[in-house]
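In what follows, a single structure is set out as structure tokens and then discussed.
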Amino acid sequence: MLEKDIKDISVELEYPMGMLKDSSTADFLAKVHARVKARWKSGFSESSFRRILYCAGICVLVLLVAIFFSLVIASLPAIRNFGIWFLSGVTWDPVRSEFGAFPFLVGTLATSFLALIISVIFSIPLSIFLGEYSAQGATSTFIKSMIELLAGVPSVIYGFCGLFLLAPLVRNLEMKLGVAPYGVGIFTASLVLSIMIIPYSASIGREVISLVPSDLKEAALSLGATRFEVIRKVVLPYAGSGIIAGILLSLGRALGETMAVTMVIGNSNFIPKGIFSPANTLASAIANEFTEATGSLYLSSLIELGLVLFIVTTVINVLGKLIIRRMGVGV
Amino acid sequence: MESTVLRIEKFSAFFGENAVLKDINLSISRNKISAIMGPSGCGKTTLIRCINRMHELIPDTRVSGKIFLDNEDIYATDPIIVRRQIGMVFQKPNPFPTMSIYDNVIAGYNLNGIRLAKDEKEKVVEESLRKAALWEEVNGALHRRGTFLSGGQQQRLCIARALAMGPAVLLLDEPTSALDPKATSHIEELIMQLKDTVTIILVTHNIAQAARVSDFTAFLYLGELVEFGPSEKMFTAPKDKKTEEYLSGKFG
Amino acid sequence: MEEPSIRKRILWDKLFKVIIILLTFCSILPMFFILFFITSKGISVVNWSFFTQLPKPVGEIGGGISNAIIGTFMLIGISTAFSVPVGILAGIFLSEYRKGRLIYFTRLCVETLQGIPSIVIGIIAYIWVVVPMGSFSALSGGVALGLMMLPVIVTATDETLKLIPEGLREASLALGVSYPRTILKVILPAGISGILTGILLSIARVAGETAPLLFTAFGSPFMSLNILKPINNLPLMIFNYATSPYPEWHTLAWGASFVLVALVLGLNLLTKFVTRKWKVQF
């Protein structure tokens, strides 16, 4: 079979075989190269591969655009019906087909911002600890792993623990304070949420703090400043915008968080009166009522809630990422 | 009597509008070592990358003129075929890190989907490693990863890999500039042994290396071929003033 | 001019350090609590019949989470099948063409996709799959989870391939290997560690997701291998049982939580192992 190949293809061989001293090697290589030459036509062509790559890239773009438009189109009945007053309507009553998103906006903003404040109290010291005091070593690795674990625990588990462990404690607190002892509500939800978002701002904060050039810190130290003063006056101002970006990103996370919040927020469609009231966020309202929605107005109102959520979280996330990219940190 | 294996006619190469090679005319003799030297930026790397059609992989480049390999216009042939007949070894040794030494040598076949019988494979591997003066050192450890070898050994592995395809011409782009002096002299010895097997074109910025190793030398300056001739004559009595200045170190 | 005494400054410095350390350790305390409670409440429930039995109706003791476990794996299988091929190809696309407006916008889209709340993804899967199909299904759940996995895989592939030195590609092209083969047989294998890490991490992320499945996969008390029918999985089961009024179901939920946390942590550990073992030295 090989001899036949040579005879058929020998006219196509590109270079004389006499250049090789050893003729058996020459024969052998000639046979092999006959096959090489015969083979070049088959195989995947470059242009079709490039086209496939291009399609995959476009796919991603198209996906995002399609998501946005699907949400808008599905919300149209509600948009047409309520217009911009959807966002300010204070009543969410499926029975009377009145859908106002304001209670959920309040619930979302209240829980998210409260959670943000609580988490920042812990995540900034955490970033400073891991970025400044303990950047290497066993303690550092241990704490970093713990943070990773915190971020990896599923949301429903947080909700479960929040419902069975935290809510009773909050109920006791409420009884002591003389408030209605629901146990669930904005306060509980904010607490659970704050624990969940600590890892996001902490890891970004840690990175930007560790990126502060050491010669700046050494210059300050050599002038006689204490560690505390160096951190306060050199490190934090330098890393400031990065830390804020990390906080923005954890806010984005908090706004979209569903399961844990749904399980401990008390599921009430009225505007919460105080920090211990039950409420609903945009996400928890969708989670609670989507499967029971009857009628296209009800469903499209819920979807419009999703649209609002989509826009808000996207804006905040993009803002946060832009700031981070400007600072040169890989997220 | 020397025959010409590679003929470069009125060849120019461009990066965008910028001409990096201007009207090069060159004939490379078969089974000889031809060195291409010149100061940084003179276009010597671009030249050999045009010979194996790697230059065109960079966006916004073009060429004009012709290059003939054994009387066949390489710009009229599929570049993949050209690259299988003209091998290249790079400045920084680049064995495939996921493959063993054995697989590295026959990578040219494996990656192209050319199936060889087991004994054919073994023959090619042994032949190529012997020609690259690496067989004695790695025989017995052929299935270890290629990245465990020293720099000089890795470079010889890359040479073996290129030789396994049985190319007519082997292009070497400053093959020893990343190696220590001992490895460098091994490679230089190897190059001189290889010229019986394959025609060698060596790009180097090391004048002494060109003098030691090559039969013919081309001197390139700012994209133009200033002088080309037998190395002995060139290094002792260069015709062009620029060549003389370069050789005596007036610029580099 | 008044100058704060040095002793005072040193005092502040020490106080600051103490506060920082205190707050740091406080912030990781919740992790210990969660792990402790889940383990203590869940481990007593877990036994062989827990894994192999279907959940029993209310009022009957015992029962297991077998359908939830199968469902978890099925959903992961469907979502992986959707997201991995497209994700890797899109990642190759981004790393091959570094510049240009298209690339910039595509990267922006990937980052945006990653930040979309999971419940919104659930709504999308509802609109795109459940409505045309007319019913809840494992398929729609898989699509939702696949949408969540996609951006993570694209980013991981892109970042990994960007780090591969140019010399590798040149070596392959110089041997006359065609461009598609160079990418698929040389570049991708060299980056396999990073890509696999991305895939495993995204699996760990979606294994615990509930929100996108609430109205896609929906959940079911039965064992089902049919991708066109609703399906149960661990997080859904935990949610439904934890929020129910029945204490027997709460117990099951603790057991299921234990299994879920073990699964997610196990995946994270596996990822670390894979990253180290398959890392390619250049």
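Data for the structure
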item	result
Viscosity 1.567 mPa s, temperature 4 °C, Stokes-Einstein D of the protein assembly as shown from Kirkwood C-alpha radius, µm²/s	41 µm²/s
FRET efficiency, B:Lys10 to A:Glu46 (Cβ-Cβ, R0 30 Å, nearest 0.05)	0.55
Inter-probe distance in nm under a simple model that places probes 7 Å from Cα toward Cβ, at B:Ala237 and B:Glu56	4.3 nm
On Cα atoms only, tilt of A:46-82 relative to the major axis of chain A in degrees	20 degrees
Förster radius 22 Å - calculated FRET efficiency between A:Val315 and A:Ile117 (Cβ-Cβ, nearest 0.05)	0.60
Selection from A:Ser300, A:Ala225, A:Ile244 lying farthest towards where the dipole of segment A:206-318 points positive, charges on Cβ	A:Ala225
Net +/- balance of residues flanking B:Leu179 in space, Cβ distance below 11 Å, scoring K and R +1, D and E -1	0
Estimated dipole of the protein assembly as shown in Debye, rounded to 20 [Cβ of Lys and Arg +1, of Asp and Glu -1, Cα centre]	680 debye
Cβ neighbours within 10 Å from other chains - mean over C:180-193	4
Greater than 18 Å apart at Cα, pairs in B:Lys121/B:Lys195; B:Lys10/B:Lys44; A:Lys144/C:Lys272; A:Lys144/C:Lys41	B:Lys121/B:Lys195; A:Lys144/C:Lys41
Per-residue average of Cβ from other chains inside 10 Å of C:209-219	4
Sequence-distant lysines (8 or more away, or on other chains) whose Cα lies within less than 23 Å of C:Lys14	A:Lys217, A:Lys233
Descending semi-axes in whole angstrom, ellipsoid equivalent of segment C:1-112, from the Cα gyration tensor	47, 38, 9
Mean separation of Cα contacts under 8 Å (6+ apart) over length of segment C:99-152, as relative contact order %	43 percent
Kyte-Doolittle at least 0.5, axis length at least 15 Å by Cα - qualifying DSSP helices, chain C	C:6-42, C:66-96, C:138-162, C:192-207, C:247-277
Peptide ranges C:225-231, A:136-142 listed from the most packed, as the mean C-beta count within 10 angstrom indicates	C:225-231, A:136-142
Over chain B: helical MRE at 222 nm, DSSP H runs n ≥ 4 each giving -39500 (n - 2.57), nearest 500	-9500 deg cm²/dmol
Inter-label distance, nm, simple model (7 Å from Cα along the C-beta direction), C:Ser40/A:Leu223	5.2 nm
Tilt relative to chain A, helix A:138-152 - C-alpha long axis, 0 to 90 degrees, to 10	80 degrees
Cα-based helix-to-principal-axis angle, A:296-327 vs chain A, degrees rounded to 10	70 degrees
Chain B: relative contact order as a whole-number percent, Cα under 8 Å and 6+ apart	28 percent
Value of D in µm² per second that Stokes-Einstein yields for chain A, Kirkwood Rh from Cα pairs, at 4 °C (1.567 mPa s)	53 µm²/s
MRE, 222 nm, helices only [DSSP H, n ≥ 4, -39500 (n - 2.57), over chain C, to nearest 500]	-22500 deg cm²/dmol
Relative contact order [Cα under 8 Å, 6+ residues apart], segment C:14-129, whole percent	10 percent
Cα centroid of segment C:135-195 to Cα centroid of segment C:239-282, whole Å	26 Å
Aspartates and glutamates whose Cα lies under 14 Å from that of B:Lys233, excluding same-chain neighbours fewer than 8 positions away	B:Asp215, B:Glu244
Under 18 Å from C:Lys185, Cα to Cα: lysines that are on another chain or at least 8 residues apart	C:Lys162, C:Lys279
Charge context of B:Asn104, other residues only, Cβ under 10 angstrom, K/R +1, D/E -1	+1
Residue-averaged 222 nm ellipticity for chain A, from DSSP H runs of 4+ at -39500 (n - 2.57), nearest 500	-23000 deg cm²/dmol
Net charge, B:Asp73 excluded, C-beta distance under 11 Å - Lys, Arg +1, Asp, Glu -1	-1
About the Cα centre, charge dipole magnitude for chain B (Lys/Arg +1, Asp/Glu -1 at Cβ), debye	240 debye
Potential lengthening between C:Leu11 and C:Gln53 on full extension [0.36 nm per residue; Cα-Cα distance subtracted]	8.9 nm
Two-site label geometry, A:Leu322 and B:Ser64: point separation in nm, points 7 Å out along Cα→Cβ	4.6 nm
Mean Cβ neighbour count within 10 Å, used as a protection proxy, ranking B:90-98, C:23-31, B:57-65, C:267-275 highest first	B:90-98, C:23-31, C:267-275, B:57-65
Span from the segment A:196-265 Cα centroid across to the segment B:186-235 one, whole angstrom	59 Å
Coarse-grained scattering of chain B at q = 0.08, 0.12, 0.14, 0.15 Å⁻¹, given as base-10 log I(q)/I(0) from a Debye sum over alpha-carbon atoms	-0.31, -0.70, -0.94, -1.07
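Each value in this text was obtained by applying a stated rule to the coordinates, not by laboratory testing. Keep in mind that what you see is a predicted model, and the values were worked out from it rather than measured. Here the Cβ is made from the backbone with ideal geometry for all residues, glycine too, and neighbour counts use every protein chain on show.
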